[in-house]
Structure formats: C-alpha cells, structure tokens
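Remarks on the structure that follows.
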Amino acid sequence: MRRAGHVVHEALELVRGLVKPGATTLDLEKAAEARIKELGAKPAFKGYHGFPCVLCTSVNSEVVHGIPSATRVLKEGDIVSIDCGAIVDGYYGDAAITVPVGENIHPDTARLLRVTEASLHAGIAAVRPGATLGDVGSAVQGVVEAEGFSVVRDFVGHGIGVHMHEDPQVPNFGEAGRGMKLRAGMVIAIEPMVNAGKPDVLVLDDGWTAVATDGSMSAHFEHTVAVTANGATILTE
C-alpha cells in the first residue's frame with residue numbers, strides 16, 4: 001500500500017505543476033495517466049462503477065467526482081480539486097489535493113484551502129490504536145467550523161486496502177469518543193470536503209459531479225493513512 005501511495009503522490013505532484021490558466025482538466029488527466037503507467041501501476045478510478053477517467057477534477061463549486069474534459073479550461077482565480085487513486089499488486093492508494101490556478105485567488109478562497117488541509121492533518125493527528133472514528137471526525141469538524149466553513153456530510157472517507165472502498169466509513173464530523181475504535185493494521189482514507197458556504201450538495205446530470213448547492217467554493221484534501229502502534233503513518237506522501 002505504501003508503493004501504491006507513492007504512485008498516487010508522484011502523479012499528484014506532477015499534475016500540481018501543470019495547473020495554470022489555460023490548461024484543461026483533460027491535460028491533467030493525460031499527464032496523470034501516463035505517469036501512473038510509467039510507474040508500473042494501474043489507475044484505480046478508471047472504470048470504477050463506470051467512471052470514465054483516471055482523475056477526478058472538480059473546479060470551484062464542484063465538490064468531488066468532476067470528470068476531466070478538453071472543454072474545461074482553468075482560469076486565473078479558480079481552484080481545482082484533484083483526486084487520484086492507483087493499484088499496485090492488488091493494493092490501493094488514494095489521495096487528493098486542491099490547487100489554486102494562477103497567483104491571484106481570492107483571500108477567502110486561499111483561507112478555505114489552508115483550513116481544509118489543516119483539518120485533514122488534524123484528523124490524521126487523532127489516529128492511534130484505541131482512538132475512535134468519532135475522534136477523527138470531531139478533529140476535522142472542529143478545525144473547519146472554527147473558521148466558519150462547513151463540512152460536507154453527503155460524502156465521507158473510507159477504509160481502503162484490496163478494494164477502493166472498504167469498511168469503515170470515515171466521516172469528517174462526529175463526536176469524540178464515539179464510533180468504531182481504531183486498531184493497528186487498519187488503513188483508512190481521510191478526506192475532508194469543505195464548502196465555503198452551506199454543506200449541501202447535489203449531483204449533476206452527468207451522474208458523477210457533485211456541486212455545492214449554494215454555488216460556494218469547495219476544497220478537498222485526502223491521504224491514505226495506516227494505523228500503527230506509534231500512531232498514524234501517511235502512505236500517500
């Protein structure tokens with residue numbers, strides 16, 4: 001799983017460098033697909049429940065599962081969430097980043113990105129044997145709501161291993177001390193999806209792209225995390 005996570009990290013870092021005004025989300029898709037193949041891995045998303053692409057690319061108010069397209073041109077001030085998965089010898093890795101387009105994003109949008117990434121790391125910091133899923137979700141939620149943003153509740157993190165999505169579900173909200181206890185050897189994907197406005201989302205007619213109902217900006221960060229006797233080990237960095 002560390003090898004799969006390394007492939008995901010490499011693909012995301014390559015794509016991060018390609019995000020600029022005038023690039024299309026299909027440009028990002030093609031680069032990631034080539035890099036995953038070059039590293040001897042298989043893409044995890046393409047064909048999964050019929051999803052057509054290697055990446056999910058979600059722009060601005062799109063929360064998750066945006067489909068790369070040659071007609072989706074990135075503009076100065078946009079943000080794009082890039083979610084990627086890879087398979088190595090039957091084991092999965094999964095991670096996401098949200099990247100600003102250009103140098104001039106709105107200060108509130110820049111803060112949304114900082115807070116969402118910070119909430120991911122707060123959730124990771126709560127991971128240890130004996131901690132609960134509620135501890136993780138509460139840590140994420142606390143960081144997000146303290147800054148006046150909202151946690152999307154329609155989508156959650158998940159267990160991961162020899163399948164893309166395994167039990168348990170890993171909500172980005174909850175009550176400390178509640179829920180399943182973590183134990184060494186478990187691997188989970190923690191992935192806060194955070195809206196600048198209200199948490200409500202709807203899925204567009206393509207059957208995949210989920211957007212913030214109120215049109216507010218949305219950010220998404222994710223790591224695949226192993227529970228060890230010493231706490232959390234991030235497998236996708």
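The values are calculated or read from the model by the stated rules, or taken from the named source; none is laboratory data. Because the structure is a prediction, the values reported are computed rather than measured. Note: ideal-geometry Cβ built from the backbone for every residue, glycine included; neighbour counts use all protein chains shown.
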Failed condition for Leu133, given (1) among the hydrophobic types (A, V, I, L, M, F, W, C); (2) under 12 Å from His223 (Cβ atoms); (3) more than 16 Å from the chain's Cα centre (by Cα): (2)
Hey, Thr236 in contact with a His (Cβ under 7 Å, 6 or more places away or on another chain) and under 24 Å from Ile105 (Cα atoms) or not: no
Of residues in the range 4-20 being of a type in the set (A, V, I, L, M) and buried (at least 21 other Cβ atoms within 10 Å of the Cβ), the one nearest to Thr71 (Cα to Cα): Val19
Residue list for the range 90-134, restricted to those being of a type in the set (Asp, Glu) and buried (at least 23 other Cβ atoms within 10 Å of the Cβ): Asp94
Residue in the range 21-43 that is surrounded by the most Cβ atoms within 10 Å (Cβ to Cβ), counting only those that are over 29 Å from Gly90 (Cβ atoms) and more than 20 Å from the chain's Cα centre (by Cα): Ala23
Residue check for Ala196: closer than 14 Å to His121 by Cβ, over 14 Å from the mean Cα position of the chain (by Cα) and crowded, with 21+ Cβ neighbours inside 10 Å: no
Residue list for the range 133-149, restricted to those being in contact with a strand residue (DSSP E or B) (Cβ under 7 Å, 6 or more places away or on another chain) and part of a loop (DSSP other than H, G, I, E, B): Phe149
Subset tally (residues that are over 28 Å from Ala41 (Cα atoms) and touching an Asp or Glu at 6+ places or on another chain (Cβ under 8 Å)) for the range 77-100: 0
Of residues in the range 194-228 being assigned to a strand (DSSP E or B) and among the polar types (S, T, N, Q), the one farthest from Gly130 (Cα to Cα): Ser218
Condition check for Gly130: in contact with a strand residue (DSSP E or B) (Cβ under 8 Å, 6 or more places away or on another chain), small (Gly, Ala, Ser), outside any helix (DSSP H, G or I) and modelled with pLDDT of 95 or more: yes
Meets criteria (closer than 19 Å to His49 by Cα, among the β-branched types (Val, Ile, Thr) and more than 14 Å from the chain's Cα centre (by Cα)) for Val201: no
When residues of the range 157-168 are limited to those that are without any contact (Cβ under 8 Å) to a residue 24 or more places away in the chain and either in a strand (DSSP E or B) or touching a Ser or Thr at 6+ places or on another chain (Cβ under 7 Å) (or both), the one farthest from Met1 (Cα to Cα): Asp167
